[in-house]
1. Might you let me know whether segment 172-188 holds any residue that is at pLDDT below 95, out of contact with any helix residue (DSSP H, G or I) (no Cβ under 7 Å at 6 or more places or on another chain), within 18 Å of VAL129 (Cα to Cα) and surrounded by fewer than 17 Cβ atoms within 10 Å (Cβ to Cβ)?
2. Return the total of residues in segment 184-203 being assigned to a helix (DSSP H, G or I), of a type in the set (A, V, I, L, M) and free of Cβ contacts under 8 Å to residues at least 60 places away in the same chain.
3. Could you tell me which residue of segment 204-218 is nearest to GLY153 (Cα to Cα), considering only residues that are touching a residue at least 12 places away in the same chain (Cβ under 8 Å) and outside any helix (DSSP H, G or I)?
4. Which one of these does LEU110 not meet: (1) of a type outside the set (Gly, Ala, Ser); (2) surrounded by fewer than 17 Cβ atoms within 10 Å (Cβ to Cβ); (3) farther than 25 Å from ILE237 by Cβ?
5. Go through LEU256, LEU267, LEU243 for me and flag whichever is surrounded by 18 or more Cβ atoms within 10 Å (Cβ to Cβ) and at pLDDT below 95.
6. Taking segment 25-68 as the region of interest, how many residues are among the acidic types (Asp, Glu) and assigned to a helix (DSSP H, G or I)?
7. Collect the residues in segment 19-34 that are crowded, with 17+ Cβ neighbours inside 10 Å and of a type in the set (Phe, Trp, Tyr), keeping them in residue-number order.
8. Criterion first (surrounded by fewer than 17 Cβ atoms within 10 Å (Cβ to Cβ) and free of Cβ contacts under 8 Å to residues at least 24 places away in the same chain) does TYR37 satisfy it?
Amino acid sequence: MYGSQPNYRVSIFIRAVLEFVAFLIVTVYSLFRILGYPERKRTLIRFALIAAAGWCVEETCILSYGFHSYSTNWRLSIFNVPILIMLVWPAVIQSAWDLASQLAARKIKLVPVIAAGIVWTDACLIEPVAVNAGLWHWNRPGIYHVPLIGLFGWACFAYLCVRVLSLKDRKAVSGAVVRGLMVFPVLGVHLMLLCTWWAVFKWMDTPLDPIVVAATAWIISIGLSVVIFRSDLAFRIEKKTLLSRIPATLFIFGLLAVSADSDRYLLIYAVAFLLPYLTVMTKQYGSTKGTLGKN
């Protein structure tokens, strides 16, 4: 294990409870997304494809690079990857996809890029908190014990999944072809990780000062919130899309709360992620413009 890691004091019982709650959140979101939108069969197939591709990426990355591994306290796993992690991938990517589609408006080509950015942002919050709680660990340094390439990997996988699966939405190819093309997110992630590691991340393989990281997060958060406040971006987002992300957000902060050795700078860092979301909600609830009335 690389360098010093945080001391984990989340008991096995609490971890079991957290695992159950996370499974419940993923299940409820998946049912909401599959049953609450048209084309349910396509959504179900999409979830299955992302879950399968997510497992392939995780398993092959663990075996190939050894940069990260999961705690042995997970109840159900397929080889090195917990089943719950497989189920989380479709929910994370679909949630980001929905949000990106609304933010991009009619600029369809921007959707995969925006979705990847949203997933990268989610990873910047989830990874440090999960590592702090001992759900998994990384063998390289970075942001609160999470290497930058680990965060980049989330974005790569999301981008490639959305790019491939959106081909069916535009009726460019058949469903069978799309299912076959899902090999590209798996292979593409490895290609992107290898290229960016040797070109960029290998030379940034060092612990980052937690104070600087927290301050940077707040600078970005405040800047983004100002942009949201002064633009109409908040009114492009449907309320149900925002509300569907609340349970997962509460879970992450609950996970941070039960981690007895939570770093105070990690807490300050995590809170920065709430400001843009609260800005969007404030604008929506403070006006009847745009998507406020949509359910």
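The values are calculated or read from the model by the stated rules, or taken from the named source; none is laboratory data. What you see is a predicted model, and the numbers here were worked out from it, not measured in a lab. Reconstructed Cβ throughout: ideal geometry from the backbone, glycine too, with neighbour counts over all protein chains shown.
1. no
2. The total comes to 5.
3. ASP205
4. (3)
5. LEU256
6. Residues that pass the stated criteria total 2.
7. Result: TYR29, single match.
8. So TYR37 fits the description; yes.
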